[in-house]
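**Q** Below you'll find the structure I mean.
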């Protein structure tokens, strides 16, 4: 939608801007009210209060975060023979020392611990 406003005076343009700002505010308030009503309906469908739903959501979110944070460390599977302090578990991107040796023709299995 393209509206040609070039023929309007400064006063008319300011009135259009004011009306547009008011309309934006009204639509934002309506969207918030609609979102709130949807959340209340979801809580009601679950036989919960809004506060209980929010608390349950926070609890689930916290539990999910701690679950990933509680992963046990994995022992190293590969070691750099030139620098034995450099190891790799085999997860994620290969370290630079291993990638460089593979480019030179070595095999990953050559560095197994």
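Every number in this text was worked out from the coordinates using simple rules, so none of it is lab data. As the structure is a computational prediction, the values presented were derived from the model and not from experiment. All Cβ positions, even for glycine, are placed from backbone atoms using ideal geometry, and neighbour counts span all protein chains on display.
**Q** Which value in Å is the Kirkwood Rh of the stretch 10-69 over different Cα pairs?
**A** Working: mean 1/r = 0.0681 Å⁻¹.
Computed over the stretch 10-69, the radius equals 14.7 Å.
**Q** Could you list 44, 79 so that the one with the fewest beta carbons within 10 Å of its beta carbon is first and the one with the most is last? Mind dumping the intermediate values first?
**A** Numbers: 44 12, 79 17.
Ordered by Cβ neighbours within 10 Å, fewest first: 44, 79.
**Q** Moving on. Measure nothing fancy, just the Cα-based angle from helix 10-45's long axis to the longest principal axis of the chain, in degrees from 0 to 90, nearest 10.
**A** Computed tilt is about 60 degrees.
**Q** What is the fewest-to-most order of 87, 3 by other Cβ atoms lying within 10 Å of their Cβ?
**A** Details: 87 18, 3 7.
Result, fewest neighbours first: 3, 87.
**Q** Taking 7 Å along the Cα-to-C-beta vector as the label spot, tell me the residue 17-residue 59 distance in nanometres, rounded to one decimal.
**A** Simple spin-label model gives 5.2 nm for this pair.
**Q** Which label marks the calculated value of P(r) over Cα pairs in 10 Å bins from 0, in percent, given the options (1) 13, 35, 22, 18, 11, 1; (2) 15, 53, 29, 3; (3) 11, 18, 12, 11, 13, 18, 13, 4?
**A** (3)
**Q** Shifting gears a bit: Expressed in nm to one decimal, what extension gain is obtained for the pair residue 31 and residue 51 from 0.36 nm per residue of sequence separation less their Cα-Cα distance?
**A** Details: separation 20, 0.36 × 20 = 7.20 nm, distance 2.07 nm.
Between residue 31 and residue 51, full extension yields an extra 5.1 nm.
**Q** For labels at residue 8 and residue 44 in the simple 7 Å Cα→Cβ model, what's the distance in nm?
**A** Between residue 8 and residue 44, the simple spin-label model gives 4.0 nm.
**Q** Quick check on the exposure proxy: order 33, 101 from fewest to most C-beta atoms within 10 angstrom.
**A** Values: 33 10, 101 18.
Placing the least packed residue first, the sequence is 33, 101.
**Q** Compute the acute angle (0 to 90°) between the alpha-carbon long axis of helix 50-69 and the principal axis of greatest extent of the alpha-carbon atoms of the chain; round to the nearest 10°.
**A** Once rounded, the angle reads 20 degrees.
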